[in-house]
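The values are calculated or read from the model by the stated rules, or taken from the named source; none is laboratory data. It should be emphasised that the depicted structure is a prediction, and the values quoted were computed from it without experimental measurement. Cβ sites come from the backbone with ideal geometry, for glycine too, and all protein chains shown count toward neighbours. Only protein heavy atoms, including side chains, enter the accessible area calculation; ligands, DNA and RNA are left aside. Shrake-Rupley method; radii C 1.70, N 1.55, O 1.52, S 1.80 Å.
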Amino acid sequence: MKVALPILIVTLGFTSPSWAQSPSPSASGNPPSSSAAAEDKAIRPFHFKAPDEALADMRKRIAATRWPDKETVNDRSQGVQLATMQALAKYWATEYDWRKCEAKLNALPQFITTIDGVDIHFIHVRSKEKNALPLIITHGWPGSIIEQMKIIDPLTNPTAHGGSASDAFDVVIPSLPGYGFSGKPTTTGWDPIRIARAWAVLMTRLGYTRYVAQGGDWGNAVTEQIALQTPPGLIGIHTNMPATVPPDIDKAAFAGAPAPSGLSADEKHAYDQLAFFYKHGLGYANEMANRPQTLYGIEDSPIGLAAWMIDHDASSQALIARVFDGQSEGLTRDDILDNVTLYWLTNTAVPSARLYWESKLAFFAPKNVPIPAAVSAFPEELYQAPRSWTEKAYPKLIYYNKLPKGGHFAAWEQPELFVGEMRAGFKSLR
């Protein structure tokens, strides 16, 4: 059955990128070639409308899911439980409305610009306040721009959200290449280092000569690389998934060895979290780092995609299971399905996975960031970075805070806390 692909609607006389116009069967969502688009520095307004046929096909596929048998244990040690996925599928196929998310997205100023031959999608909201601090925020996997939508208005319009005019930010939120509405690289080389260079180009193209950067997950990797490249204008960074683990600690945790002696309580807790993640949580990352193209199943099955994305880390998986069990959490059922549906409609499960194949960076190793850095340590992150490790990893640490709640998707789960961290973390740089 031929299914209509998602389309771009670009206003004000600009034409949509060629990857959105390609006819079937070659319409794979690929961006323009470098030769065709590298010189185009225009910033084009962007809106998105998923075809009704694509949404109907998604619901049909959900309803036609062939389910595995129930897990043989009474916990999540074998993966995302059948009851969770069947509750998710029922809601997704019968009650969930993508159009609500689409309307929220299209109410935001969104744009496309071509950098290094790839179309980069981004949200750009300027504050009405004078002297707002420009901030570029980078998401990770299995996240997207959906993660940051709750924090946009509190950051740009602080007086309406318990802050003062001096707390205001201009906010830029790009989609990583191969993710969401950005183009899908057709050549190799798009690792966090190259993305960092592209982000510096983007901020210059937007006219910013003084700005800060923030990220978690891959967003942290990209943000730290921007800092290492020290582009003109970047004055500081913030991360909610800092890279702080000393080499000997990392080696022991990866080997599953007992915690080294002499660790403080916070360091021992971080070590235990890290050792658990290395033992039980690396499966998805190993597969995507080695064989991303093999993941045909998550491009073909909405339920397969949702399960793969949910099984990112134990704490997030448990939270999502509670949500679909009817409990009130930092995320809602719609939050979770907005993000998964974005991946589905843009056909980006495999392109996004390739970032793991591309990157050769050690995720948790200190990078000796040479500029001012602020760190927020959330308790349900893959590991909660202790102050002692953080001070050594970031020589110009200007802010550290250990939060009482929140996990890997901090801005999404705990937007009020996250906004408070942005205000406090960057206060000394204004």
Revision key, fill the gap. The answer for segment 134-274, accessible area per residue at 1.4 Å probe in Å², is 31
Practice item. Treat every Asp and Glu Cβ in segment 174-314 as -1 and every Lys and Arg Cβ as +1, leave all other atoms uncharged, and give the resulting dipole magnitude about the Cα centre to the nearest 20 debye. Key: 580
Practice item. For an R0 of 45 angstrom, estimate the FRET efficiency from the Cβ-Cβ distance between Thr209 and Asp69 and round to the nearest 0.05. Key: 0.15
Exercise for review: Along Cα→Cβ, 7 Å out, is where each label goes; now give me the distance between the ones at Glu53 and Phe254 in nm to one decimal.
Suggested key: 4.8
Point to revise | Exposure ranking of Trp98, Trp67 by accessible area [1.4 Å probe, largest first] | key: Trp67, Trp98
Review point. For segment 279-330, with every protein chain kept in place, what is the accessible area per residue (1.4 Å probe, Å²)?
Key: 46
Revision key, fill the gap. With all protein chains present, the chain has a carbon and sulfur share of its accessible area (1.4 Å probe) in percent of 53
Check your understanding: Cα convex hull of segment 295-335: mean projected area in nm², to one decimal?
Key -> 3.1
Review point. If you take the beta carbon distance between Lys41 and Lys130 as r and set R0 to 30 Å, what does 1/(1 + (r/R0)^6) give as a FRET efficiency, to the nearest 0.05?
Key: 0.60
Check your understanding: Straight-line reach from Lys251: which lysines have Cα under 26 Å away, leaving out those fewer than 8 places along the same chain?
Key -> Lys268, Lys279, Lys360, Lys367, Lys392, Lys396, Lys402
Study note, to complete from the structure: Other residues with Cβ under 14 Å from the Cβ of Gly297 give, with Lys and Arg +1 and Asp and Glu -1, a net charge of -1
Exercise for review: Run the quick spin-label model on Thr94 and Leu282: label points 7 Å from Cα toward the beta carbon, then report their separation in nm to one decimal.
Suggested key: 4.2
Exercise for review: Mind checking which lysines have their Cα closer than 26 Å to the Cα of Lys104? Skip sequence neighbours fewer than 8 apart in that chain.
Suggested key: Lys49, Lys60, Lys90, Lys128, Lys130, Lys150, Lys184
Practice item. Take the Cα atoms of segment 251-334, build their convex hull, and give its volume per residue in Å³. Key: 114
**Study point:** Radius of gyration and maximum dimension Dmax of segment 301-365, Cα, Å
**Key:** 13.7, 40
Review point. Any idea what the alpha-carbon Rg over 2.2 N^0.38 Å comes to for the chain?
Key: 0.95
Practice item. Could you pull the Rg and Dmax for segment 207-255, using just the Cα atoms, both in Å? Key: 13.7, 47
Check your understanding: Near Ala165, within a Cβ-to-Cβ distance under 13 Å, what is the net charge of the other residues, with Lys and Arg +1 and Asp and Glu -1?
Key -> +2
Point to revise | Highest-MSF residue in the chain out of Thr294, Thr114, Thr346 [GNM, Cα springs under 10 Å] | key: Thr294
Check your understanding: Taking the highest mean first, how do the peptides 234-246, 115-127 order by number of other beta carbon atoms within 10 angstrom per residue?
Key -> 234-246, 115-127
Practice item. Skip the ligands, DNA and RNA, and give the accessible area per residue of segment 334-430 with a 1.4 Å probe, whole Å². Key: 35
Point to revise | the chain, helix-only ellipticity at 222 nm - DSSP H runs n ≥ 4, -39,500 (n - 2.57), divided by all residues, nearest 500 | key: -12000 deg cm²/dmol
Review point. Where the only charges are on Cβ atoms (+1 Lys, Arg; -1 Asp, Glu), what is the dipole of segment 276-430 about its Cα centre, to the nearest 20 debye?
Key: 920
Study note, to complete from the structure: Treating every alpha carbon of segment 284-430 as one equal point scatterer without solvent, the Debye formula yields log10 I(q)/I(0) values at q = 0.14, 0.15 Å⁻¹ of -0.85, -0.95
Check your understanding: Which one of Ala314, Ala285, Ala221 has the biggest mean-square fluctuation once the chain is modelled by GNM with Cα springs under 10 Å?
Key -> Ala285
